[in-house]
Structures are given as structure tokens and as C-alpha cells.
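Notes to accompany the following structure.
All of the numbers you see were taken from the coordinates with simple rules; none came from a lab. Since the model is a prediction, treat every value here as computed from it, not as a measurement. So basically every Cβ, Gly included, is an ideal-geometry build from the backbone, and we count neighbours across all protein chains shown.
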């Protein structure tokens, strides 16, 4: 009996306590529980206990699409605005209850360092505005958007992300979020996992984060690695953007890892076979191949045979006979070209290619058709200071040195006699097989006049000659076209002469005696002085002959000498009077 009375007393106390709590909750500004008892066109009636009912506008239960999300008997939380309004009704609010509950949830999330979701709604000063649960607006500073600064924040509008609350003030309604804090946390976790498996030689997956002129930075998961441009492809690359773009997911090999500074060097081409490993077997010497010209330098052209394999056509291997001044005269970047493998050096990763080897060697054909002594006909292709080049056929040129242009003419420059494009004949003088050069002669087409000169111009013969040039040491005279001789200054007169022009003048025709002749040196010496002595001897001989024709008169040696001395004296007086 006592137990029953005790139990009844306890129930009454609990009922009384519950009544006090409910009465306490029925204060304006609190969130209380209620039950939906009626849904009309304009209002929802909610029973909040103590036979009290309140009304809430139907708009607070209407979704944006017009659908009403409330049912009879539904338990909901409401905010008590007024216990009795001007109409004598309890005024309730579902929206305020929801907002207060959201703020409570946000406060709890902040205290517990929980993560919340939100949608970036607009750009504001200093950062972005984020809409979180219940339509509450929060501020996301620009420095907290990502691990690295983002220049164009507008591109993030409309995106939904997870955030961490770093500042909360319920009274002011101020909420500050951070996405960077979460990214840093995730990055550190990923970094620990990545470092556990990071070792040289390992192949791992990464995402291209940034591209520069010298390479690309790849996110391996919490730690970045550098993929240098030289390790991107076995082939030639002008810029990393040719094969990669930001956001690409790629597999790379760890080439080097420094634990002290956490620097990682990566390789992309190292995940593929090295094309040079079997290059010798795939490119035997003599094989005809085709490729694309990828670079032209002063010394040759580089041809890509396949990705990672390039060969060089040296300028000397472009033509058998043509003098190629620059490779660009023959090939340009982008040209598709056929060539021949000349040499393969896998250790240096070099292949030598030849272009001229695609055609027969013109020199071999030339030496089969020609030999020294043959006469050829061709056009003058070029003229230089030292001679002229004559095209013997399409690919072989021969040179005529200026000394082989004429037997007799004095030539300062070959252009005095010939012009480019002129067709001429010449004789093959010599064929140099080692240097692949042909020496030609034009004067050899004609007889050498010096073979007859000794007979045509014997010593002692007196000739009329024309003075063509006067120098300090004598005068050059022309005996016949192309044949010249020299009267030395000492042979101009019996007397000492300082200036040859005092005796003779250019263009003057004079008599001179041939006193020397050297066919090998092709030189003829003449003298005027010797003629004076011959004339004096002739005078003495003529006087003796006259005396011999007079029988009554006897001529003695003294008479002859006296007569000669008298003649010499007369000549001396004559010169003095002049």
C-alpha cells in the first residue's frame, strides 16, 4: 500500500515538472514543438499544447515549385512570436524556427570543427559569398578559396564545395568560411600517403598543375614533382604545351627524389621504351628512309625518322657536285624528304644521313667518258679572280686557271675575255680523282707561238717594234700581237739614262736589235744601243771599201782610224750643240 502511494506521488511530481517546463517553453522567442491540426488555403493551424493553437502563413510551407510541404498530424518546430496578437491568436513562425535551428547547427559545427557544404553565390569585396544550410549567407575570403591564389574568382560562382567554419558570431550574423583549410588538411594526408610509396624508379599517377617554358609541375598527391621538357618525349619538343595541358592525368616515372628538400624529378618518356635501343638493327647502313625536316642549321638539316629518332643530313652530303652555301637552299623545315642511312651511333644517339646518295655518283660516270687531252664544250657558269668554271655536264664543272686562258695575252681578270653563260671549248688538262676536280685549258686549243719564236726572231735581227709601256727599268715593246719584248734601260743608249721617257715615248715605233731570247721563260730582250755600235762599224767598212776602189790613193790603217775618230768627234759635237 505504501509502495502504491509512493509511485503515485512520483508520477504527480513528474507531471507537475513537465507542466512547469511546458509553461516555461511557452514564452515568446522560444522554439517549441507543435502538431499540425489544420491546413487551409492561407494558413496552417498548429496545436502547441495547453489547448493553445497558432497560425502560420501557408507561404512558409510552400516550395519554389508551388508544392505545399505540410500534412495533418505532422510534428514540427515553430517559433513563438506572440502568445496573443491583436486577433487574440497565438502567432507562430516556421521560418524563424528553421533559421534559429540552422544557426544552432552552425554554432555546433563551429564548436566541433565540423564540415559544412555551401554553394558559392556571388562575388563580394574581398572574396565570395556562400549560401549554406537554410539559406544563410557566409563569407569566403579570397585567401581561403584555394591553396594558391585564383585570379578569376567569378568562375567559381555556382559551384558547391565543402568548407570549414573559421569564425562565427551569432549576434552579428557573421560567418567566415575556409576552403583552403580543408584542402591543406587533405593535402597533408595525401602527402603522407604519397611519401610512403615514393621511391626512385616507381611509376605513379599525377595531375598536371602548371606548365612553364622549361617543363610542367605535376601534383603527385600532396607533393609536386617537376617534369622537365627534356624528359617529356623521346622526340623533339618546342614547348611543353605541345603535348600537355593543365588538368591532364598522366603516369610518370620518379627519376630522382631528395628527401631533405622533398624535390622530385619526373620523367614521362621513361615510361616508354627507348627507341635508340634497337636503332642499329632497324636502321642499317644503306637503308633508304623518309622523314620530316624539323630543323635547319648552318651545317645541315635534322630529319625526324620517328618519334625520338632524328638524323643529320650534313651540308656536304646534299649534292655530289654543287657547292651548297647553306642547307636552306636545298631543304626547309616541314619538308618530307627521302635519304640514305650513312652511319648509326647509338651511344651518342646520332644518325648520319645522305641526300646525294639517292642519285648515281656523276664523277664515276664522268671518268668513264672523259680523260686528259679530250676537248669539251660547255657554258661558263662562274668567273672568279683566278679563273673561269665551265659546266662539262649537269653535275661536273671544270676550272680554267687564268694562266691557261691565253698563250700571249697579259690578263688581269678573266672577265676581260669571257662572260658568264658564254659557250666555249676547252681541253682537259688534268683529272684529280681524290679531290674530284677537273683542270681545263683554253689556250691549249691553239699552237704555242713560242715554239716558232726562236726561228722567227733570231739573235741579231733588227725589227721595227712599237713601244707599249715604259717603266723605270726599261720599255716594253710589241713585236707582234701577243708577243712582247723588253728593252732594258741599259740598252736604250750608250750613255747613262735616269728616265727612259727622255729617249722614247709610248706608242712610238722604233728599231731595235734582238739580243736575248729565252723560250722557257718566254722572254725576249732587245737593244737600241747595239744599233749605234753596228752603224759605226758599218761606216768604217764603207770607208775602207771606197779607198780600195781608188788605185792611185793608198789607204793606211792610220787613215781609217783618223777617219773613225773624226766621225765620232762630229757626233759628239752634234750632241753638245743639241
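Odds and ends about this structure:
- Span from the the stretch 132-153 Cα centroid across to the the stretch 378-426 one, whole angstrom: 85
- One chain, two ends: residue 101 and residue 169. Fully extended at 0.36 nm per residue, the span grows by 23.0 nm beyond their Cα-Cα distance.
- Using a Förster distance of 60 Å, the FRET efficiency for residue 186-residue 28 (Cβ separation, nearest 0.05): 0.85
- Residue 469 paired with residue 448, simple spin-label distance in nm, labels 7 Å along Cα-to-beta-carbon: 2.2
- Segment residue 314-residue 288, extension gain: residue separation times 0.36 nm, minus the distance between their alpha carbons: 7.7 nm
- A compact globular protein would have a Cα radius of gyration near 2.2 N^0.38 Å; the ratio found for the stretch 279-358 is 1.00.
- Here the residues 232, 190, ranked from fewest to most Cβ neighbours within 10 Å of their Cβ, fall in the order 190, 232.
- Here the spin labels are modelled as points 7 Å beyond Cα on the Cα-Cβ line, and at residue 71 and residue 509 they lie 14.5 nm apart.
- A Förster radius of 51 Å combined with the Cβ-Cβ distance from residue 261 to residue 63 puts the calculated FRET efficiency at roughly 0.35.
- Taking other C-beta atoms within 10 angstrom as a stand-in for reagent exposure, 43, 473 fall in the order 473, 43, fewest first.
- Pairwise label distance in nanometres, residue 236 with residue 408, each label 7 Å out on the Cα-Cβ vector: 6.1
- Estimated FRET transfer efficiency when R0 is 45 angstrom, pair residue 462-residue 435 (beta carbons, to 0.05): 0.35
- Largest first, the three principal axis extents of the alpha carbons in the stretch 32-112 are 42, 32, 23 Å in whole numbers.
- Put in order of Cβ neighbour count within 10 Å, fewest first, the listed residues 59, 493 become 59, 493.
- The stretch 32-112 - share of DSSP beta bridges that are antiparallel (%, nearest 5): 90
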